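Undergrad: Take a look at the following structure, please.
The values are calculated or read from the model by the stated rules, or taken from the named source; none is laboratory data. The structure presented is a predicted model; accordingly, all values stated were derived computationally and were not measured. Because the Cβ atoms are built from the backbone with ideal geometry, glycine has one as well, and the counts that use them run over all protein chains shown. SASA here: full protein model, heavy atoms, side chains in, ligands and nucleic acids out. Shrake-Rupley method; radii C 1.70, N 1.55, O 1.52, S 1.80 Å.
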Amino acid sequence: MEEPHIEEEHNQNKLIDVAPALISVHPSHKAIAVTVGSDLRVFNLIDNSPVTLVDESNESFHKDSVRAIRYSASGKLFVSTGDDKLVKIWSAESWRCLNTICSEKRVTAVAISHDDSYVCYADKFGVVWVVELDGITKKGVSLLSHYCSIITSLEFSPDGRYILSADRDFKIRVTVFPEEPLQGAHEIQSFCLGHTELDIWNLMKPSKRKSQLLIYALSQILLLQRWLFKGNFQGILLLSCDLSAHTLSITKVIQIPGESFIPTSISVSTSTLWMVSGASSGSNQPGYSRVRVVSCMDSEKSAILEDEQIPGGTKLLEKLQGKVSIEESVMIAASEAVRTAMSSLLMKKQYSEEKRELRKRSRNDKKTTN
Amino acid sequence: MGQSEILIMESETKPTFSKSTGLPRKRFYRARAHSNPLSDSHFPIPISPAHVDFSLHFPKFVGANNEEVSKKVEFADIGCGFGGLLISLATLFPDTLMIGMELRDKVTEYVKERILALRKTSSGGQYENVSVVRTNSMKYIPNYFEKGQLSKMFFLFPDPHFKEKNHRRRVISVDLLDEYAYVLRAGGIIYTITDVEELGEWMRSCLEKHPMFESLTQDELDSDPVVELLCSATEEGQKVARNGGQTFRAVFRRIAYVS
């Protein structure tokens, strides 16, 4: 009776250790950043050269898996954070680490305000912290909190008035981002509810119109995501959302032929879609990552670019993937790690009935008769 | 068949009910006083307030087709325990819908049975406006209530969680007040009471710190008929009075955001 439980737990522990590879492209397409495990790799698309990161502080880059990366809307700042409880803020021009914030818990999501003055980061206990980017502050202040739910995603609305936080209990909270964020964000604008049985993994860029229709679109997108993952779909689905007509439709299906490619992270800039598939290996070996590019995503001329055709070419692949070409065997072996990493993000951890009942039985609820 | 005959018949089939009053007996609904608010839910959560089927809770007020509803729940008793406050409020505000939220399943069962029994034995069709739901109100309040829906929220004798590391499990905290401010309408009132002095100070200071709540004046407290019920209506409150203990009240009004 006990053995299946131990095995289940062991498997679940393995799931948590593998981190998916992440990719983020500069808003004006100036550079690309990819993270695999704790390794942050950046390639400059203007000079076509790999970037060396400069970190003058005592901590040498990230010590544990990076879980979230992002460029600020202006493109001047870049932030990376993850399981090592450090939030590193980089200048996207000189690639020097401007500041390292220490968080008390592992960080799961990060966002930068539009005027580049605040960084918000969220942890597994549901607290969203805010830090003023004055170069001196080392610790965040609590901004808001989702009671004991893992926060999966943080976004600012395009006009910068609201901050959206999504959690593992199927809720998205839209809060007014105040003028004095260090005092806390107390005014909740609304909640986006209605996602059934799903985890919120990737929050789409919210439109300016905060209506019920957008919420409906979000929930349908998430339904699709999980269904696709379960059905072993490998590729990208392009959806278009018509808010006035209340419809969500699939405009394009992009599949990568010739290789097993499950995208773990995507990033879009100037209608070029950058995708990465990869995962950390959990041990000290370097993780695996594979970068693919789709150009002119919205138009009819969209095409999946071959390795030589992508901006930056083979030099980019060498920097971001570790090597230019990857053997088929390595790819197949790695795809298992990638699936593991993705499923831990998409599926909420379930405790079996037997485990719960076992725990309940050991409790003594009965009062002695008087 | 007379009223008393019906009661006896029912209590024979339902051994946990009292023969004389037709109401459930607490002895058969014992549960631990504490429940872990951090554990993941194993009861159904409504997807959104629009998905809550209020016709199940208030059959006489709400038709089967939820869309025709003009009445919405206005009072919420968070951690309603055995239902003492709700039962008293039901007759004081017969036209207002009110709901209790409780985490422990046995206790929720007790309250459900109590309400159903009271509805049956009442002569004037009373208690149709009160109901109970089993849920974790610290996580799922926005799933049940829309923005500004409630006019009163009650937090009577909440779990003090004495250890400092457990303070975050307290039902009143500055962060959770954001959510309570969201479901309360402007002018809505939050009532809290406890017999633990430290908790009383904590709750009062959280409410004072929060920019969307202001304290009621003494005059306003005196003229509110509900304030008296905080001490006298619940089993906890009656126990405290019996033991000659002191109670610490904090009653605040929800106001528009002041930066």
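Undergrad: Please work out if B:Ile141 is part of a strand (DSSP E or B), among the β-branched types (Val, Ile, Thr) and either closer than 24 Å to B:Ala256 by Cβ or open to solvent by 40 Å² or more (accessible area, probe 1.4 Å) (or both).
TA: Criteria not met by B:Ile141.
Undergrad: So how many residues does region B:179-200 have that are within 14 Å of chain A (Cβ to nearest Cβ) and crowded, with 22+ Cβ neighbours inside 10 Å?
TA: 6
Undergrad: Give just the number: which of (1) open to solvent by 40 Å² or more (accessible area, probe 1.4 Å); (2) away from chain A (no Cβ under 14 Å); (3) out of contact with any Gly (no Cβ under 8 Å at 6 or more places or on another chain) does B:Lys165 not satisfy?
TA: It is condition (2) that B:Lys165 fails.
Undergrad: Moving on to the next point. What number of residues within region B:46-63 satisfy the criterion of being hydroxyl-bearing (Ser, Thr, Tyr) and either over 20 Å from B:Tyr127 (Cα atoms) or within 14 Å of another protein chain (Cβ to nearest Cβ) (or both)?
TA: The total comes to 1.
Undergrad: Here's another thing I want to ask about it. In region A:149-176, which residues are within 12 Å of chain B (Cβ to nearest Cβ) and not charged (D, E, K, R)?
TA: A:Ser149, A:Ile150, A:Ser165, A:Phe170, A:Ile172, A:Val174, A:Thr175, A:Val176
Undergrad: Have a look at B:Met203, B:Met153, B:Met212 and point out the one that is within 14 Å of chain A (Cβ to nearest Cβ) and either touching a helix residue (DSSP H, G or I) at 6+ places or on another chain (Cβ under 9 Å) or at pLDDT 90 or above (or both).
TA: None of the other options fit; the residue is B:Met212.
Undergrad: Hey, another quick one. Within region A:134-148, how many residues turn out to be within 14 Å of chain B (Cβ to nearest Cβ) and crowded, with 21+ Cβ neighbours inside 10 Å?
TA: Summing the residues that are within 14 Å of chain B (Cβ to nearest Cβ) and crowded, with 21+ Cβ neighbours inside 10 Å in region A:134-148 gives 6.
Undergrad: Something else about it: Quick one: in region A:83-133, of everything that is part of a strand (DSSP E or B) and basic (Lys, Arg), which residue is surrounded by the fewest Cβ atoms within 10 Å (Cβ to Cβ)?
TA: By that ranking, first place goes to A:Arg96.
Undergrad: Could you tell me whether any residue of region B:119-138 is open to solvent by 10 Å² or more (accessible area, probe 1.4 Å), within 14 Å of chain A (Cβ to nearest Cβ), modelled with pLDDT of 90 or more and closer than 23 Å to A:Ser190 by Cα?
TA: Among the residues of region B:119-138, not one is open to solvent by 10 Å² or more (accessible area, probe 1.4 Å), within 14 Å of chain A (Cβ to nearest Cβ), modelled with pLDDT of 90 or more and closer than 23 Å to A:Ser190 by Cα, which makes the answer no.
Undergrad: Being among the small types (Gly, Ala, Ser) and farther than 20 Å from A:Asp134 by Cβ is true for just one of A:Ala92, A:Ala68, A:Ala111, A:Ala73. Which residue is that?
TA: One residue alone meets the criteria, A:Ala68.
Undergrad: Which of the following residues is under 18 Å from B:Ala76 (Cα atoms) and among the small types (Gly, Ala, Ser): B:Ser215, B:Ser205, B:Ser173, B:Ser223?
TA: B:Ser173
Undergrad: Moving to a separate point now. Which of the residues belonging to region B:215-241 are open to solvent by 80 Å² or more (accessible area, probe 1.4 Å) and at pLDDT 90 or above?
TA: B:Gln218, B:Asp219, B:Asp222, B:Ser223, listed by residue number.
Undergrad: Would you confirm whether any residue within region A:99-107 is within 14 Å of chain B (Cβ to nearest Cβ) and β-branched (Val, Ile, Thr)?
TA: Within region A:99-107 (the criterion being within 14 Å of chain B (Cβ to nearest Cβ) and β-branched (Val, Ile, Thr)), the answer is no, since none of the residues qualifies.
Undergrad: Does region A:312-337 hold any residues that are at pLDDT below 75 and either of a type in the set (Val, Ile, Thr) or open to solvent by 50 Å² or more (accessible area, probe 1.4 Å) (or both), and which are they?
TA: Across region A:312-337, the qualifying residues are A:Lys323, A:Val324, A:Ser325, A:Ile326, A:Glu327, A:Glu328, A:Ser329, A:Val330, A:Ile332, A:Ala333, A:Glu336.
Undergrad: Residue by residue through region B:104-118, note down the ones that are assigned to a helix (DSSP H, G or I), of a type outside the set (A, V, I, L, M, F, W, C) and either touching a residue at least 24 places away in the same chain (Cβ under 8 Å) or surrounded by 23 or more Cβ atoms within 10 Å (Cβ to Cβ) (or both).
TA: Hits for region B:104-118 are B:Asp105, B:Lys106, B:Thr108, B:Glu109, B:Tyr110, B:Glu113, B:Arg114.
Undergrad: Here is a further query. Quick check, is A:Leu213 open to solvent by 40 Å² or more (accessible area, probe 1.4 Å), under 22 Å from A:Phe125 (Cβ atoms) and either more than 11 Å from chain B (Cβ to nearest Cβ) or modelled with pLDDT of 55 or more (or both)?
TA: No: the conditions fail for A:Leu213.
Undergrad: Is at least one residue of region A:192-205 assigned to a strand (DSSP E or B) and either at pLDDT below 85 or more than 12 Å from chain B (Cβ to nearest Cβ) (or both)?
TA: Checked region A:192-205: at least one residue is assigned to a strand (DSSP E or B) and either at pLDDT below 85 or more than 12 Å from chain B (Cβ to nearest Cβ) (or both).
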